[in-house]
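Have a look at the structure below before the remarks.
The values are calculated or read from the model by the stated rules, or taken from the named source; none is laboratory data. Keep in mind it's a predicted model, so treat the numbers as computed, not measured. Note: ideal-geometry Cβ built from the backbone for every residue, glycine included; neighbour counts use all protein chains shown.
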């Protein structure tokens, strides 16, 4: 445990290399980054700059090549796979560009999923999930399966799912990339509202200017390095 | 738990055609195994009854020590004397599981109608005891004329082909000749009480049943070559064998006791053959079930790679992924088995209505094809199928669980 600082996330000299045959791709080249609680932050930059990789490392769904990542002062990049799973379930909410809802489950069941993975009873999870779906104005679609919903509705289900466990941090990878202007705006508004109301930290990876305009902080990446 | 069962079930339904093919493969295998199992069960039951009651060998047969090795060369020495017969029967009948103990004397010689002669072999039996041993099997050996009875000391029951060869019918007379135990030629008159089908093609042209006393007269002896014991249940055979052996030993009688299984080589051979066929069918079904399930689950894993990545990102542990696919496999096994059980019941019902017949090898008349309905076996097979499908699902599930989360999420 590091006592000298209490940033929510601290990354120290992070590198991430991919191996494509004999070619090494340096996705991240010595990233030092601190994210504080309640931030509404975007990581932006051109395609291939390392935005998604950075988000994946914070979310512990990918491994660093070198460097350390601390969450609330605790190093998280060297814990076991089971502990990483528990960490993700308790502390992280994911919002994906392609929504990634479970197709055979209804909106309500999709939102209940992280709680049920946690071991919370179905009845409690149902109540909480319904409340979250109301937050994203989908109370009329609770029993709809993803294939019967529009892109915007699906993304709102994904937001509700990301928030259901009251995570410390929500990682949203290009959340508006597959949405039209109007839907994107409503999605951004919902997330901004939740950030203010619940003090949830949001980190986005995006190059959507509409989204960037709403941010409290912008982190610019280029060629695997923070340049601004 | 319910959540994962729901997910598994919905995924099975989602891929209707693929799931249907896999379920049918399991169902057909399940049906085949249970039908064959029901058939062999009925056949074993029939052959056991046929050996114990039809062929009259009883559950246990007691010989004097050495009979089976030296009895043919010196029968008189290894036969059971009159006083020993009574003593042995008295000891045996003390046991609760014993219904009957009866002496027997097998004889052979020549039988003649005055014009034609041929060899015969006969079982010397006490008529009333023989009826008790035959029991319900009596219905399967219908007799034209009269059955053996104590009133007619020289009345015999002749096998159908032998009677036909000698042109004899009930109430006709004939002569039998045989060497006595002393080696003298002896001849006795007989009257055909009844003509019957032994059920065994190979002996229908030479077999007779004669009264025990008549057999003793022909051999000019007061002895028996064996004592046949009928028990209340075939399952008691082994216990009764050891118990009676000890009782006779304690009484100073040296003897050998053979079980019906030891004496009925046909039963053992057929059982071994059917067991081997069963193993063969079971192995084929096992391979079909495993291959179908592995294939279905493998395709499911590939199609749902991104879903697996999402579940892992949401915090589901590797063993959770294993569990999810294992449930799906087990459910495929369970549903396939249920369908198989339904097919099995349907075919069993059709067989029990149509009563198809066939003639087994060695049999002189057709028998009806019967399949026993064995709830215990069906349940056991259902558990087996669920377990097999679960095991088969684990291989692709483990592969799914081991995937890197980012790679899984990026899968297209």
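In the list B:314, B:324, which residue meets the criterion of being more than 21 Å from residue B:31 (Cα to Cα), touching a strand residue (DSSP E or B) at 6+ places or on another chain (Cβ under 8 Å) and surrounded by 19 or more Cβ atoms within 10 Å (Cβ to Cβ)? Walk me through it before giving the result.
Numbers: B:324 fails: touching a strand residue (DSSP E or B) at 6+ places or on another chain (Cβ under 8 Å).
From the options B:314, B:324, the qualifying one is B:314.
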Just to be sure before I move on: is residue B:253 in contact with a helix residue (DSSP H, G or I) (Cβ under 9 Å, 6 or more places away or on another chain), outside any strand (DSSP E or B) and closer than 20 Å to residue B:28 by Cα in the structure I sent?
no
Here is a list: B:135, B:114. Which entry is at positive phi, surrounded by fewer than 18 Cβ atoms within 10 Å (Cβ to Cβ) and more than 25 Å from the chain's Cα centre (by Cα)?
B:114
Meets criteria (more than 10 Å from chain B (Cβ to nearest Cβ), in contact (Cβ under 8 Å) with a residue 60 or more places away in the chain and under 24 Å from residue B:10 (Cα atoms)) for residue A:155:
yes
Can you name every one of the helices (runs of 4 or more DSSP H) wholly within the range B:1-93 that holds 1 or more residues which are away from chain A (no Cβ under 14 Å) and within 33 Å of the chain's Cα centre (by Cα)?
B:16-49, B:67-70, B:75-78, B:82-92
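Filter the range B:218-235 for residues that are in contact with a strand residue (DSSP E or B) (Cβ under 9 Å, 6 or more places away or on another chain) and surrounded by fewer than 18 Cβ atoms within 10 Å (Cβ to Cβ); which is farthest from residue B:160 (Cα to Cα)?
Step by step, filter the range B:218-235, then rank; the result is B:232.
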Exactly one of (1) crowded, with 22+ Cβ neighbours inside 10 Å; (2) not assigned by TED's automatic domain parsing to the domain that holds residue B:336 is unmet by residue B:65. Its number?
(1)
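May I ask you to say which residue of A:42, A:27 is at pLDDT below 95, within 14 Å of chain B (Cβ to nearest Cβ) and either surrounded by 14 or more Cβ atoms within 10 Å (Cβ to Cβ) or at positive phi (or both)?
Result of the check over A:42, A:27: A:27.
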Residues that are surrounded by 16 or more Cβ atoms within 10 Å (Cβ to Cβ) and either farther than 17 Å from residue B:41 by Cβ or at pLDDT below 90 (or both), drawn from the range B:346-366
B:364
Take the conditions more than 13 Å from chain A (Cβ to nearest Cβ), farther than 30 Å from residue B:226 by Cα and surrounded by fewer than 18 Cβ atoms within 10 Å (Cβ to Cβ) and apply them to residue B:276. Does it pass?
yes
Checking residue A:22 against (1) over 13 Å from the mean Cα position of the chain (by Cα); (2) closer than 20 Å to residue A:95 by Cα: exactly one of these is not met. Which one?
(2)
When residue B:167 is run through (1) over 28 Å from residue B:63 (Cα atoms); (2) buried (at least 16 other Cβ atoms within 10 Å of the Cβ), the failure sits at (2)
Residue B:305 passes all but one of (1) facing chain A (nearest Cβ under 8 Å); (2) more than 29 Å from residue B:379 (Cα to Cα); (3) surrounded by fewer than 24 Cβ atoms within 10 Å (Cβ to Cβ); which number fails?
(1)
Which fully enclosed strands (runs of 3 or more DSSP E) of the range B:145-235 have 1 or more residues being under 31 Å from the mean Cα position of the chain (by Cα) and in contact (Cβ under 8 Å) with a residue 24 or more places away in the chain?
B:155-159, B:185-196, B:207-211, B:226-231
Among (1) closer than 20 Å to residue B:292 by Cα; (2) surrounded by 18 or more Cβ atoms within 10 Å (Cβ to Cβ); (3) out of contact with any helix residue (DSSP H, G or I) (no Cβ under 6 Å at 6 or more places or on another chain), the one test that residue B:383 misses:
(2)
What about residue B:388, is it under 19 Å from the mean Cα position of the chain (by Cα) and either modelled with pLDDT under 90 or away from chain A (no Cβ under 14 Å) (or both)?
no
Residue under question is residue B:343, and the condition is that it be within 29 Å of the chain's Cα centre (by Cα) and surrounded by 14 or more Cβ atoms within 10 Å (Cβ to Cβ); does it hold?
yes
Yes/no for residue B:256 being touching a strand residue (DSSP E or B) at 6+ places or on another chain (Cβ under 6 Å), at pLDDT 90 or above, more than 14 Å from chain A (Cβ to nearest Cβ) and surrounded by fewer than 22 Cβ atoms within 10 Å (Cβ to Cβ)
yes
Number of the condition not met by residue B:119 [criteria: (1) surrounded by 20 or more Cβ atoms within 10 Å (Cβ to Cβ); (2) modelled with pLDDT of 95 or more]:
(1)
Residue pairs meeting the criteria (Cβ under 7 Å; at least 6 apart or on separate chains; first at positive phi, in the range B:330-354; second crowded, with 20+ Cβ neighbours inside 10 Å)
none
